[in-house]
Structures are given as C-alpha cells and as structure tokens.
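**Q** Before anything else, here's the structure in question.
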Amino acid sequence: MKKKLLIFGAGETATIAAEFFRYDSEENLQGLIVDDKYWEENKKHLDLPVYPLSKIKNNFSKDKFKIFVALSYGKLNSDRERVYKLFLNMGYEFASYVSSKANIWRTAKIGRNCMIFEGNNIQHNVVIKDNVILWSGNHIGHGAVINDSVYVSSHVCIAGFAEIKERSFLGVNSTITDKTVVEKDCFISASALINKNTDENSIYSGIPATKNLKVTAKKYFK
C-alpha cells in the first residue's frame, strides 16, 4: 500500500511544498507537523490538520507514513538538517519533490527530502544528495555534486564537475565555475563569481568573489 505524506513545517516553504505535492505529484498529503511550542489543539493550516512533533512517532507509523521536511535555510541550513536527521533516526522514509517542469537528465541522481523547483536544468551524471533545495531556474552542469543540506536559490550556475559541500547556501545569480569546490558551511552572496576553491565556514561576495575576513558564516547566521 502506498504511504501517506506528512510535511514538517507551517511557514512559507511548507506552504509551497504542500502546493507542489498536492498538484504536481502522486503523493497523498495528509497533514503538517510543527514543534510542540507552535502547536494549538484543533489547529488547521491550508485545510490540513496540524500535529505536534511529540505525537508523531507513536501515532503515525513509519510503515504507513513518510515525511518531507519543509524548512528554509535558517542557521545556514542547520535547522533543516537537524529535523531531517531527527526523522531519519526514527526510521521514516522521505519524499522528494521534482517539478514536472524541471529538465532532469536520466543519469542524474536525486536523494531524499529534496525539493527541485520548476526551470531547473540538471545535466548528465549530476549527483544531488539528501535534504537539498533547488529554487527556480538553476543550471547544474554535468558531473557536478551537491552534497547534503545545501540550499541553491534562483538562477545559479553550477558548472561541470563543481562540488558544493554540506550546508552551503548559494545566492541568486551566483556562479560556480567548473571543477571548483565550495566547502562546507559557506554563504555565497547574490551574483558572486566563485572561480577558486573556497575556505570552509566562510562568506564570499563580488566578481570575482573574495572572502569576508571579519566574520564566519556560522557566526553570522547563528
């Protein structure tokens, strides 16, 4: 029997995810999950019931339900990663959403709990790992790798064989040149041109991009 879907979150990202899963997927969306401190009895959102996180494990069997964690890039993607790993450790299966209006080559691989918006062009042998969000209109070049819990905003160009490491954020219209590595926990500003490997836990901006020496990415987004 096909599993039913629950979405964690009730903000804008969850609202968009619910729209996508309802009208552009075969998933059977049943409700939303929030942290207990945000839950109110009998509360609904988007005409869906809202459940407290503490009640999920004992009331929604992992054999009958799967999860999508619909959080944005809070604390440089660490918030989304934390909740994803919580459900992963509970043993739940995850849904991924891939827009019917995205261009995904047959050899590309997409992991768990990913959300791929419309207009993305994902080429041959691209690897997108778990818990990744690709907003609209990005180009992911052949052989590129996007690691866990990355957030790619709109109209980003990631050239062939580039690698984006865990929890990094790529701003609107940024460019990552071929074979370049964006290290873990980096924030790449809008329109930045990354043409050299970055340092971990750093902020980059400009054309070509330079590193902000005054503050680390984790400290800025704590």
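The values are calculated or read from the model by the stated rules, or taken from the named source; none is laboratory data. The structure displayed is predicted, hence computed values, not measured ones. With ideal geometry, Cβ positions are generated from the backbone for all residues, glycine too; neighbour counts draw on all protein chains shown. Only protein heavy atoms, including side chains, enter the accessible area calculation; ligands, DNA and RNA are left aside. Shrake-Rupley method; radii C 1.70, N 1.55, O 1.52, S 1.80 Å.
Every residue, every condition in (1) more than 19 Å from the chain's Cα centre (by Cα); (2) in contact (Cβ under 8 Å) with a residue 60 or more places away in the chain; (3) surrounded by 18 or more Cβ atoms within 10 Å (Cβ to Cβ), yes or no:
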site	(1), (2), (3)
121	no, no, no
125	yes, no, no
130	no, no, yes
136	no, no, no
145	no, no, yes
185	no, yes, yes
221	no, yes, yes
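**Q** Quick one: what pairs do we get from region 17-29, first residue in contact (Cβ under 8 Å) with a residue 24 or more places away in the chain, second among the polar types (S, T, N, Q) and surrounded by fewer than 13 Cβ atoms within 10 Å (Cβ to Cβ), C-beta under 6 Å, 6+ apart or different chains?
**A** From residues that are in contact (Cβ under 8 Å) with a residue 24 or more places away in the chain, the pairs are 24/100.
**Q** Which count do you get for residues in region 148-159 that are open to solvent by less than 10 Å² (accessible area, probe 1.4 Å) and touching an Asp or Glu at 6+ places or on another chain (Cβ under 6 Å)?
**A** Summing the residues that are open to solvent by less than 10 Å² (accessible area, probe 1.4 Å) and touching an Asp or Glu at 6+ places or on another chain (Cβ under 6 Å) in region 148-159 gives 1.
**Q** Just to verify a result, which residue in region 20-54, among those that are of a type in the set (D, E, K, R) and open to solvent by 100 Å² or more (accessible area, probe 1.4 Å), is farthest from the chain's Cα centre (by Cα)? Working first, answer last.
**A** The initial filter retains those residues of region 20-54 that are of a type in the set (D, E, K, R), namely 22, 24, 26-27, 35-37, 40-41, 43-44, 47.
Adding the requirement that they be open to solvent by 100 Å² or more (accessible area, probe 1.4 Å) leaves 26, 37, 40-41, 44, 47.
Numbers: 26: 20, 37: 24, 40: 27, 41: 29, 44: 25, 47: 24 Å.
Here the answer is 41.
**Q** Same structure again: Going by the structure shown, is residue 166 among the acidic types (Asp, Glu) and either surrounded by 20 or more Cβ atoms within 10 Å (Cβ to Cβ) or under 19 Å from the mean Cα position of the chain (by Cα) (or both)?
**A** Details: among the acidic types (Asp, Glu): yes; either surrounded by 20 or more Cβ atoms within 10 Å (Cβ to Cβ) or under 19 Å from the mean Cα position of the chain (by Cα) (or both): yes.
Spelling it out, residue 166 is indeed among the acidic types (Asp, Glu) and either surrounded by 20 or more Cβ atoms within 10 Å (Cβ to Cβ) or under 19 Å from the mean Cα position of the chain (by Cα) (or both).
**Q** Any idea which residue in region 55-102 is most open to solvent (accessible area, probe 1.4 Å), counting only those that are touching a residue at least 40 places away in the same chain (Cβ under 8 Å) and among the aromatic types (Phe, Trp, Tyr)?
**A** Among those residues, the one meeting the criterion is 73.
**Q** Can you report the number of residues in region 201-219 which are open to solvent by 60 Å² or more (accessible area, probe 1.4 Å) and either in contact (Cβ under 8 Å) with a residue 24 or more places away in the chain or of a type in the set (Val, Ile, Thr) (or both)?
**A** Qualifying residue count, region 201-219: 3.
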